[in-house]
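Presented below is the structure to which this report refers.
Where a number appears in this text, it was derived from the coordinates with a stated rule and is not lab data. Small disclaimer: the values here were computed from a predicted structure and weren't measured. As a convention, Cβ positions derive from the backbone with ideal geometry for all residues, glycine included, and neighbour counts pool all protein chains shown.
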Amino acid sequence: SGDSAPLNEAMAVLQHHDAVSGTSRQHVANDYARQLSEGWRPCEVLMSNALAHLSGLKEDFAFCRKLNISICPLTQTAERFQVIVYNPLGRKVDWMVRLPVSKHVYLVKDPGGKIVPSDVVTIPSSDSQELLFSALVPAVGFSIYSVSQMPNQRPQKSW
Amino acid sequence: SRDLVIQNEYLRARFDPNTGLLMELENLEQNLLLPVRQAFYWYNASTGNNLSSQASGAYIFRPNQNKPLFVSHWAQTHLVKASLVQEVHQNFSAWCSQVVRLYPRQRHLELEWTVGPIPVGDGWGKEVISRFDTALATRGLFYTDSNGREILERRRNYRPTWKLNQTEPVAGNYYPVNSRIYITDGNMQLTVLTDRSQGGSSLRDGSLELMVHRRLLKDDARGVGEPLNKEGSGLWVRGRHLVLLDKKETAAARHRLQAEMEVLAPQVVLAQGGGARYRLE
């Protein structure tokens, strides 16, 4: 069972300026990080349960915590995967999804099964690739996009 | 010296081909053109002087001189153009880089910076800023928000409720920036949205700066008992500044909606697919 209370409590503790401004000793900063991390784990379960309930599908949901540094083991290794984009805003949004992927061409389909434009961009001065596509997400809701590798196709080089 | 430009239907950003620095921003929708130079600088942290023994530290920002130093006068650049994104990758040094990004249908310029580990082998604590310099006649005024709610007018070297004797020309003009800072000449407005709380200021007319990272070697003696010299993942910082150029009348509508999208950003969850049907019953 999932639980958001530990994250709730960790966030409450982190209201203190020590947690955000650097005005704590290193071991205290480490403890703030521990509380956040331990709070997030049961929250992931809670989110998985909610998404399973709302989508009607029981999935092994994955949360990539290192997307900001272009690391996500699932998208970088899987031949096909689903991207669930949740929009907490009270209006629909058009949002560019960026995911680290392997050196392939990908086919992206929207929730209605229609192919949407996508790009694989190689990051300069590294050998990593990122998949980009634009996701339309309803107000306070989610959209599920499916991504699959296109076999025997090499990605076009962006310039 | 070929042109270095990224552009969509709303914005055009031009970069100096010699330095690789951003040099011009144009709002194509509203026909606004603003020469703007953005670069990274660092303040040398004070360890105390003959006026005060106060050192720059976790609680205190106190540079030892008013002028910050360039991280680098130029950036090594890579231009990436694909159908869904245009990016200029700027490498300023081994510890400071930035990607300037424009997506289709986007009305702001995205600056994603990565700073760290700040080198301190020279024995100098450093406080790194990103600064935007324009020719806007801002008359000593700039604006910062208060916890994403009220926008407050800030006036350089001035406090509204007492007669200020300014003894720290840099730190004494720094204010909290929780979600946005902007400058305007009454016609044009340059707004920078932040993805986290930072310190910011406008130390000269037309200029706007935000502190992105710091690493210090001396404790400020305010109770922490350690210099602000974090270890581990705290050595690196990656963040984003969203830059908007608008007419003053339309600027608020744009930056408010965009800031909402920053604070309540879409969340991504992934799955392998092919899961079993699930009913709560």
When both residues are 6+ apart or on different chains and their Cβ atoms are under 8 Å apart, which pairs have a first residue that lies in region A:13-28 and is at the interface with chain B (Cβ under 7 Å from one of its Cβ atoms), and a second that is assigned to a loop (DSSP other than H, G, I, E, B) and of a type in the set (Asp, Glu)?
-> A:ARG25/B:GLU226; A:GLN26/B:GLU226; A:GLN26/B:GLU231
Taking interchain pairs and intrachain pairs at least six residues apart, which have beta carbon atoms under 9 angstrom, with the first residue in region A:39-54 and in contact (Cβ under 8 Å) with a residue 60 or more places away in the chain and more than 19 Å from A:ILE144 (Cα to Cα) and the second of a type in the set (S, T, N, Q) and in a helix (DSSP H, G or I)?
-> none
Looking only at region B:56-68, decide whether some residue is surrounded by fewer than 20 Cβ atoms within 10 Å (Cβ to Cβ) and farther than 23 Å from B:CYS96 by Cα.
-> yes
Can you tell me which residues in region A:51-66 are surrounded by fewer than 19 Cβ atoms within 10 Å (Cβ to Cβ) and either more than 7 Å from every other protein chain (Cβ to nearest Cβ) or assigned to a loop (DSSP other than H, G, I, E, B) (or both)?
-> A:LEU54, A:SER55, A:GLY56, A:ASP60, A:PHE63, A:CYS64, A:ARG65, A:LYS66
For B:GLY199, indicate whether it is assigned to a strand (DSSP E or B) and either in contact (Cβ under 8 Å) with a residue 24 or more places away in the chain or aliphatic (A, V, I, L, M) (or both).
-> yes
A:ASP31: closer than 29 Å to B:ALA276 by Cβ, among the charged types (D, E, K, R), loosely packed, with under 15 Cβ neighbours inside 10 Å and out of contact with any His (no Cβ under 9 Å at 6 or more places or on another chain), yes or no?
-> no
Among the residues of region B:235-254, which ones are outside any strand (DSSP E or B) and more than 14 Å from chain A (Cβ to nearest Cβ)?
-> B:LYS248, B:GLU249, B:THR250, B:ALA251, B:ALA252, B:ARG254
Quick one: in region B:260-281, which of the residues that are within 22 Å of the chain's Cα centre (by Cα) and at the interface with chain A (Cβ under 7 Å from one of its Cβ atoms) is farthest from A:ARG65 (Cα to Cα)?
-> B:GLU260
Would you point out which residue out of A:PHE63, A:PHE142, A:PHE81 is in contact with an Asp or Glu (Cβ under 7 Å, 6 or more places away or on another chain) and aromatic (Phe, Trp, Tyr)?
-> A:PHE63
Can you name every residue in region B:181-234 that is β-branched (Val, Ile, Thr) and facing chain A (nearest Cβ under 10 Å)?
-> B:VAL224
If you check A:PRO124, A:PRO111, A:PRO88, A:PRO117, which single one turns out to be facing chain B (nearest Cβ under 7 Å) and either in contact (Cβ under 8 Å) with a residue 24 or more places away in the chain or among the aromatic types (Phe, Trp, Tyr) (or both)?
-> A:PRO88
Looking at region B:202-223, which of its residues are assigned to a strand (DSSP E or B) and charged (D, E, K, R)?
-> B:GLU209, B:ARG214, B:ARG215
Got at least one residue in region B:232-253 being in contact with a Gly (Cβ under 7 Å, 6 or more places away or on another chain) and more than 30 Å from B:LEU11 (Cβ to Cβ)?
-> yes
Filter region A:73-85 for residues that are in contact (Cβ under 8 Å) with a residue 12 or more places away in the chain and at the interface with chain B (Cβ under 7 Å from one of its Cβ atoms); which is farthest from A:TYR145 (Cα to Cα)?
-> A:LEU74
Could you pull out the residue among A:LEU99, A:LEU46 that is aliphatic (A, V, I, L, M), facing another protein chain (nearest Cβ under 9 Å), within 17 Å of the chain's Cα centre (by Cα) and closer than 26 Å to B:GLU262 by Cβ?
-> A:LEU99
Hits in region B:43-79 (condition: more than 14 Å from chain A (Cβ to nearest Cβ) and of a type in the set (Val, Ile, Thr)) = B:THR47, B:VAL71
Give region B:199-254 a look and list any residue that's farther than 19 Å from A:VAL20 by Cα, surrounded by 21 or more Cβ atoms within 10 Å (Cβ to Cβ) and acidic (Asp, Glu), or say none.
-> B:GLU209, B:ASP246
Subset of region A:105-115, residues surrounded by 14 or more Cβ atoms within 10 Å (Cβ to Cβ) and among the β-branched types (Val, Ile, Thr), comes to A:VAL105, A:VAL108
